[in-house]
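Here's the structure we're looking at; comments come further down.
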Amino acid sequence: MYDPTVTESGIRAGRREWIGLAVLALPTLLVSLDMSVLFMALPQLSADLGADATGQLWILDSYGFLVAGFLVTMGTLGDRIGRRRLLLIGASAFGAASLLAAYADSTEMLIAARAVLGIAGATLMPSTLALIRSMFHDTRQRSVAIAVWMSCFMAGNTIGPLVGGVLLEWFWWGSVFLAGVPVMAVLVLTGPALLPEHRDPDPGRLDLTSVVLSLAAILPAVHGLKELTKNGWQIMPVAAIALGAAVGAVFVRRQRRLSHPLLDVRLFAGRTFRAALGLNFLGAVMMSGTFLFVPLYLQLVAGMSPLQAGLWLIPQSVAMIVSTQLTPHIAARVRPAYVMAGALVISALGCLLLTRVDPAGGLALLVVGFLLACVGVAPPSALTTGLLLGSAPAGRAGATASVSETSGELGVALGLAVMGSLGTAVYRDRLVVPEGVPSGLAGTARESLAGITAAAGRTPTGPVAELVENARAAFTTGLNVVGGVGAVLFLALAILAIATLRQVDPNDQPGPADPGTATGPDPGEPATASV
C-alpha cells in the first residue's frame, strides 16, 4: 500500500541501478537527437524523393505529432504490461523503423516510417522516467538520476545538427536514421539484465475508447498550435485547439467513471503534483517562446550559416547541462522552491539582456543573455520532473511520466505559437518599406525576414538593400519585445514557485500536508519487481 507519510529514503540504489541508468540514457539521447537531426537532411532527402512542400511538412511533423499523441497511452500501458517490456518493445520498433526510414524510396514511405518512429518514441520517454522512479527510491539519488536523464535529452538536441552535418558530409541522407539502430540494439541486448520490471498486478483492461479520446484531444491541439506558429492567428487552428479542449473534457469525464482509467485523474488532487505540473508546463512555454528568436537572429541578422549558428549555441547547451547536474546537489540543501525561484530570476536577467540587443554589434549581448536564460531554465525543469515522480505512487510512475512529458510538449507548442505571434506582430508593425521597392518584395518582407533575405539575394542594392536592413532592425525589435515579456513572466514564475512549493522539503517526499497525494492503494508498489 502507498503511504505518503513514509519516505523511501532508506532504500539506496547500488552499482547495478547506476549502470542501468546509463542504459536508459541511450534512448533518451536518441529520441531528442532524432527530433533535431532531420533538419539538416531535409534538403537532400527532399531532392532525392521529390518531396513537395506538403510532403516535407509531413516528414517533419509526423514524428512529433505522434510522440505527443501517444505519450499518455504508452505511459499507462507501461504500468499495465511492464515498463521494461514496453521500453524494449518500443526500442525494437524504433530500430526497425529507423532502417525503414533510412532506405525509404518515396515520400509516403518516409512519412510512414516517421510515424512509426513517433509511436515508438512515445514508449521510450515515459518508460525511462518510470523506470528511474522504480530504480531510485532515495530522493537525493533520484534527483541526480533525473538530472542525468535530462542532460542526455539536452545533449541530444545540441548535437543533433552537428551529427547530421558530419554524417551528411560523408554519407547519404539515410545515414541520419541509421545512427539509432546500434543504440537501440545495445538497449535491447542489455536491458533485460540491467533493468528491473515493474507493473500493476491488477491493471484492468485497456479502455480503447479512452485511447481514441486522448488522441482526439492532443493531436488537434498540437496541430492547431503548430499552425498558429507558422501562419498566425487563423480560424482553423483556433478551431482545432477548441476541438482538442472539448474532447479533452470528455476524456477527463470518462476517466472519472472508469474503475481502471487510462489516466487516473486523482493524481491531480495532490497540491505538489498540480504545482509541479503547472510550473513544468509554464516553464516549457517560456523556454520555447523566448528562445525561438535567438537561432533566427544568428542566421538572419548576424548572417551566420546553420552550422556556424549551431556552434554558437553549444556553450548555452553546455551551460544547461552543467546547471542541470548541479541542481540536485543544491536542492539537497535548499528547498526546491527557492532553487527554482533563484534560477528563474537568472533567466529573467538573461531575457533583460535580450531587450538591449541591436541589429549591428548585438552578438555579445545576445550570447550572454541567452547563456543566462539557459542556465536558469534547467533547474526548474529537473526539479519539477522529480517532484512529479516523487509526489505520485510508484505504481503509477508510467502515467505520471507521460503527463509530465505531455505537458512539456504542449507547453513548447503553445510557447512557439504565442511568442512567435508576438514577435511577428512587432516585426510587421515596425517594418518600414522604402520607396522604390517592388510590391512583390514588399509583400515578401512583410511575411518574414527569412523570405526577404532569400528573395533579395546575396548582395542587394539600393532600396532593396535598405529594405533588408529595415527588416533586420524590425526583427531585432521583435526579439527585444519578446525578451522583455519573457523577463516579466520568468519573474512571475519565480514568485509562483515560492508560493506553491515552499512547503516541499529538499530531503523528503511530500508528506501528509500534501492533500490528495494518497490516492488509494498503490497497485504496483511491491508489484513485480522481478529482474
- prompt: In percent, what relative contact order does the range 207-261 have, based on Cα pairs under 8 Å that are 6 or more apart in sequence?
  reply: 45 percent
field: Computed helical MRE - 222 nm, the chain, DSSP H runs ≥ 4 contributing -39500 (n - 2.57), nearest 500
entry: -26500 deg cm²/dmol
- prompt: Expressed as a rounded percentage, what relative contact order does the chain have, with Cα pairs under 8 Å and six or more residues apart?
  reply: 24 percent
- prompt: Longest span of the chain, sites excluded, free of chymotrypsin sites (Phe, Trp or Tyr not before Pro) in DSSP loop with at most 15 other C-beta atoms within 10 Å?
  reply: 234-531
message: With equal scatterers on the alpha carbons only and no solvent term, can you work out the Debye log10 of I(q)/I(0) for the range 338-461 at 0.18 1/Å?
response: -1.09
message: So if I take the alpha carbon set of the chain, get Rg, then get Rh from the Kirkwood formula, what is the Rg over Rh ratio?
response: 0.97
- request: Quote the charge dipole size of the chain about the Cα centre in Debye, to the nearest 20; the model charges only the Cβ of Lys and Arg (+1) and of Asp and Glu (-1).
  value: 940 debye
- line: Rounded to the nearest 10 degrees, the helix 271-291 long axis (Cα) sits at an angle to the longest Cα principal axis of the chain of 20 degrees
- request: Specify the longest stretch of the chain that does not include any exposed loop site, a site being one of the trypsin sites (Lys or Arg not before Pro) with a non-H, G, I, E, B DSSP assignment and at most 11 other Cβ atoms within 10 Å.
  value: 1-204
message: Output the 0 to 90 degree angle, nearest 10, between the alpha-carbon long axis of helix 235-257 and the longest principal axis computed from the alpha carbons of the chain.
response: 0 degrees
message: Using the Kirkwood formula on the Cα atoms of the range 15-200, what hydrodynamic radius do you get, in angstrom to one decimal?
response: 16.6 Å
query: Which one of S448, A302, A68 has its Cα pushed farthest toward the positive end of the charge dipole of the chain, where Lys and Arg give +1 and Asp and Glu give -1 at the Cβ?
result: A68
query: When the Cα centres of the range 482-501 and the range 109-155 are compared, how far apart do they sit, in Å?
result: 27 Å
- request: Among L219, A240, S259, flag the residue with its Cα farthest along the positive direction of the charge dipole of the range 207-261, charges on Cβ as +1 for Lys/Arg and -1 for Asp/Glu.
  value: S259
- request: Compute the separation of the alpha-carbon centres of the range 263-279 and the range 288-356 and state it in Å as a whole number.
  value: 27 Å
- prompt: Any idea what % of Cα-Cα pairs in the range 207-261 are farther than 16 Å?
  reply: 43 percent
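Computed from the coordinates by the stated procedures, all read-outs in this text should not be read as laboratory data. In this text the structure is predicted, and so the values were computed from the model without any measurement. Every residue, glycine among them, receives a Cβ derived from its backbone with ideal geometry; neighbour counts consider all protein chains shown.
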